[in-house]
1. Given the options 387, 317, 298, which has the most mean-square fluctuation in a GNM of the chain, springs set between C-alpha atoms less than 10 angstrom apart?
2. Among 268, 408, 128, whose Cα sits farthest toward the positive end of the charge dipole of the chain (+1 at Cβ of Lys/Arg, -1 at Cβ of Asp/Glu, about the Cα centre)?
3. For segment 351-420, what are the per-bin percents of Cα-Cα distances with bins 5 Å wide, up to the bin holding the maximum?
4. Most fluctuating residue of 58, 271, 84 in a GNM of the chain with Cα springs under 10 Å: which is it?
5. Could you work out the relative contact order of segment 344-420, using alpha carbon pairs under 8 angstrom and six or more residues apart, expressed as a whole percent?
6. Tell me, how many Å apart are the Cα centres for segment 348-377 and for segment 271-300?
7. Sort segment 166-205 into rounded, prolate or oblate with this rule: let a ≥ b ≥ c be the square roots of the eigenvalues of the Cα gyration tensor; rounded if a/c is under 1.5, and if a/c is not under 1.5, prolate when a/b is larger than b/c, oblate otherwise.
8. In debye to the nearest 20, how big a dipole does the chain give about its Cα centre with +1 on each Lys and Arg Cβ and -1 on each Asp and Glu Cβ?
Amino acid sequence: MGMTMTQKILAAHAGLPEVHAGQLIQANLDMVLGNDITSPVAIREFEKAGFSSVFDRTKISLVMDHFVPNKDIKAAQQAKVSRTFANKYDILNFYDVGSMGIEHALLPERGLVAAGDCVIGADSHTCTYGALGAFSTGVGSTDMAAAMATGSCWFKVPGAIKFNLVGSLQGWASGKDVILTIIGKIGVDGALYKSMEFCGPGVQSLSMDDRLCMANMAIEAGAKNGIFPVDDITRAYLDERVHRPYQVYEADPDASYDQEYTIDLSAIVPTVAYPHLPENTHPASEGRNIPIDQVVIGSCTNGRSSDMETAAKILKGKKVAKHVRTIVIPATQKIFLECVQKGWMQTFVEAGCVVSTPTCGPCLGGYMGILAEGERCVSTTNRNFVGRMGHVKSEVYLASPAVAAASAVAGFVCAPEEEA
């Protein structure tokens, strides 16, 4: 029996000729990632275990992105633990105030992950890098601690679900709408501990930012990882950023999949996930009776350059509704600078938005946009659980940058064509 793309990467990193679903393996890692919330926990476990060295200072990334610049004393203490560790072990890829970005946008931008890599991160959205043809998945801080010392991790090889993409996106539809539609179809546990493997002719019509967004939200369907084939678009993206050899893997023609779905991209419409699960999806056009108090455009899901451009196109020459607080968060310093250079920053400010330094803050209810009781937010983030962005009686509606920007102008949930 042949292997899926994910299984081939895992077999190679385990030094095995083949692996099968359910098999326990120990695989070597190309990158170990942590942030300012999860890294301190891992560092304490690292020290408790008595480790005195890291396996490779160039293959560990510590990104201060959740509560940095520090929002309070506890956040400052957390970040200090990471800073001290990074200095002690001379961690090459340490990103702090002034150089940091949202981790899952920063690592691809910096060329730190490539096709064929095996990556773990103490953050559930580490599955983002499957867009580059890598196996990447989130782990606990204890696994991160052991990985920083040994350079390896134990895995149960996942089975797979194939998503055959056909057609191409139309109008304002984007990768965010595709993945929300898929999660709405299969549910938040529809791919539980599976690899979501995207393939088919429709992949060619998706930009890298679309793919990064879709892989990012694989975890919202319960998946172990999401992964895309490496095509000319991927190679162009990688070759501009990655300055080392990388290995491309392809699924075998006779690979075994637990389920298969065909997704017609031309039928995808701007979509919103209503509270309180990403599977609770509806067309954005059905939201006109849902007034909102806040909009967030950013995050590891939708804070990239094309997301900023889309939001700017819709906001150009307009004002956000008087009662809607609109927060724009470019995902990295590079993207922030691009917003300045291309005039998008001026568009955001003139429209009545506030623009933040790169941060995950509002996504997890940390800071830079906490909701009060009864408030509603349209957000380009990835989770809308109870209390995710603040008060347990607040509501989060997940959407694309186009829908979020249009809703900010309209003052209620709407599709981009409706905001005028």
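1. Looking only at 387, 317, 298, the biggest GNM fluctuation is shown by 317.
2. The residue sitting most towards the positive pole is 408.
3. So the P(r) values, bin by bin, are 4, 18, 25, 25, 20, 8, 1.
4. Maximum fluctuation in the GNM of the chain, among the listed residues, is at 84.
5. 20 percent
6. Value for the Cα centre distance between the two parts: 15 Å.
7. oblate
8. About 1040 debye.
The values are calculated or read from the model by the stated rules, or taken from the named source; none is laboratory data. Every value quoted in this text rests on a predicted model; they were computed, and no experiment measured them. No Cβ is skipped: glycine too gets one built from the backbone with ideal geometry, and neighbour counts run over all protein chains shown. Ligands, DNA and RNA are excluded from the accessible area calculation, which covers all protein heavy atoms including side chains. Shrake-Rupley method; radii C 1.70, N 1.55, O 1.52, S 1.80 Å.
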